[in-house]
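Working notes for the structure below.
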Amino acid sequence: MHLLLSGIVGSVAYGLAGPGSDTDRIGVFAAPTVAFHGLHPPRESVVTTDPDVTLHEAGKYARLALSGNPTATELMWLPDDCYETRTDLGERLIGIRSAFLSAPRVRDAYLGYAAQQFRKLTARLSDDSGSRRGVGPDGPESSQVGGRWRSAKHARHLARLLHQGRTLYATGVLEIRLADPQWFRAFGERVAGGALDEAQRLVAEAERDFDRIRTPLPQRPDEAVVERWLLDVRAAHLPPEPARR
């Protein structure tokens with residue numbers, strides 16, 4: 001495994017980390033090119049939970065980013081202080097980040113992931129309501145405290161995805177470090193406190209904004225540029241030629 005690019009993502013990168021927040025990392029690696037020709041192709045992803053690290057092989061990473069996947073995409077737009085590994089091929093990946101973008105896929109991905117967070121939030125608030133009538137594993141208030149924390153987290157991620165997706169769609173630039181993280185924290189607390197209608201309105205407003213925004217993003221990503229990068233990754237990880245006698 002040859003790590004090409006890696007960095008800290010998630011709450012730490014967004015500026016939303018709190019005392020109990022994990023540090024999430026994501027990276028891109030290149031498997032030896034000859035490994036793809038054997039009986040057992042290399043693993044496309046390596047995921048660990050302690051610490052929280054997700055690494056994608058270059059080919060899979062390219063497919064994820066071309067689909068508009070928010071978590072994969074943000075690796076190419078991190079603030080400089082969040083990067084931990086930056087090779088020449090990693091720098092080139094950052095340099096072609098706009099080639100991965102397309103209007104339909106950005107819209108579908110960010111609205112889709114936000115809708116997923118809204119469903120989690122709705123289910124969580126419903127569970128929280130039930131837990132208030134019971135007793136948590138560490139006493140009568142433990143379920144409520146833990147449940148409210150998770151609900152606030154889902155609400156923050158919902159608002160963050162909508163904000164980032166809308167900004168990316170409108171400007172062609174992905175904002176990672178939020179300008180006003182306190183607004184997102186306060187929103188999360190309000191929703192976790194029962195203001196689910198506020199989250200619902202935020203989703204509806206974002207959908208209307210996506211409809212009215214005149215986006216600079218193209219209708220299709222520039223796959224030719226991405227393909228050249230990936231072929232160069234493969235060429236760079238071929239075994240050295242044997243010395244001539």
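The values are calculated or read from the model by the stated rules, or taken from the named source; none is laboratory data. Since the structure is predicted, the reported quantities are computational estimates derived from the model, not experimental observations. Positions of Cβ are generated from backbone atoms using ideal geometry, with glycine treated the same way; all protein chains shown enter the neighbour counts. Accessible surface is based on the protein model in full, side chains and every heavy atom, while ligands, DNA and RNA are left aside. Shrake-Rupley method; radii C 1.70, N 1.55, O 1.52, S 1.80 Å.
The conditions are (1) open to solvent by 50 Å² or more (accessible area, probe 1.4 Å); (2) touching a helix residue (DSSP H, G or I) at 6+ places or on another chain (Cβ under 9 Å); (3) assigned to a strand (DSSP E or B); (4) not basic (Lys, Arg), and ILE26 fails exactly one of them. Which is it?
Evaluating ILE26 over (1) open to solvent by 50 Å² or more (accessible area, probe 1.4 Å); (2) touching a helix residue (DSSP H, G or I) at 6+ places or on another chain (Cβ under 9 Å); (3) assigned to a strand (DSSP E or B); (4) not basic (Lys, Arg) leaves (1) as the failure.
Taking the stated definitions as given, is ASP52 surrounded by 14 or more Cβ atoms within 10 Å (Cβ to Cβ), of a type outside the set (Phe, Trp, Tyr) and at pLDDT below 95?
Yes.
Is it true that VAL106 is surrounded by fewer than 17 Cβ atoms within 10 Å (Cβ to Cβ) and hydrophobic (A, V, I, L, M, F, W, C)?
no
Among (1) crowded, with 20+ Cβ neighbours inside 10 Å; (2) at pLDDT 95 or above; (3) under 22 Å from ALA65 (Cβ atoms), where does GLN117 come up short?
Going through the list (1) crowded, with 20+ Cβ neighbours inside 10 Å; (2) at pLDDT 95 or above; (3) under 22 Å from ALA65 (Cβ atoms), GLN117 breaks only (2).
Show the residue pairs that are 6+ apart or on different chains and have beta-carbon atoms under 6 Å apart, the first residue being within the stretch 61-72 and farther than 12 Å from ASP108 by Cα, the second being of a type in the set (Val, Ile, Thr) and outside any helix (DSSP H, G or I).
TYR61/VAL28
Considering only the stretch 61-90, how many residues are of a type in the set (D, E, K, R) and in contact with a strand residue (DSSP E or B) (Cβ under 8 Å, 6 or more places away or on another chain)?
So in the stretch 61-90, the residues of a type in the set (D, E, K, R) come out as 63, 74, 80-81, 84, 86, 88.
Going one step further and asking which of them are in contact with a strand residue (DSSP E or B) (Cβ under 8 Å, 6 or more places away or on another chain), we end up with 74, 84, 86.
The total comes to 3.
Say we look at the stretch 207-221 and pick out the residues that are charged (D, E, K, R) and within 22 Å of the chain's Cα centre (by Cα); which of these is surrounded by the fewest Cβ atoms within 10 Å (Cβ to Cβ)?
So the residue we want is ARG220.
Do we have any residue at all in the stretch 172-187 that's modelled with pLDDT under 95, surrounded by 15 or more Cβ atoms within 10 Å (Cβ to Cβ), touching a helix residue (DSSP H, G or I) at 6+ places or on another chain (Cβ under 9 Å) and small (Gly, Ala, Ser)?
No, that holds for no residue.
Among the residues of the stretch 149-169, are any more than 28 Å from ILE94 (Cβ to Cβ) and of a type in the set (Ser, Thr, Tyr)? Spell out how you get there, then give the answer.
Filtering the stretch 149-169 down to residues more than 28 Å from ILE94 (Cβ to Cβ) leaves 149-155.
Restricting the remaining residues to those that are of a type in the set (Ser, Thr, Tyr) gives 151.
Yes, the stretch 149-169 contains at least one residue that is more than 28 Å from ILE94 (Cβ to Cβ) and of a type in the set (Ser, Thr, Tyr).
In this structure, is ARG92 open to solvent by 70 Å² or more (accessible area, probe 1.4 Å), touching a residue at least 24 places away in the same chain (Cβ under 8 Å), closer than 13 Å to LEU4 by Cβ and not aliphatic (A, V, I, L, M)?
yes
Evaluate the following for GLY18: is it closer than 30 Å to ARG214 by Cβ and assigned to a loop (DSSP other than H, G, I, E, B)?
Working: closer than 30 Å to ARG214 by Cβ: no; assigned to a loop (DSSP other than H, G, I, E, B): yes.
It is false that GLY18 is closer than 30 Å to ARG214 by Cβ and assigned to a loop (DSSP other than H, G, I, E, B).
Can you name the residue in the stretch 188-206 that is more than 23 Å from the chain's Cα centre (by Cα) and open to solvent by less than 70 Å² (accessible area, probe 1.4 Å) and is also farthest from ARG148 (Cα to Cα) among such residues?
Selected residue: GLU198.
So if I check each of HIS56, HIS37, which one is over 17 Å from the mean Cα position of the chain (by Cα) and not basic (Lys, Arg)? Steps first, answer last, please.
Values: HIS56 fails: over 17 Å from the mean Cα position of the chain (by Cα).
When all the criteria are applied, what remains is HIS37.
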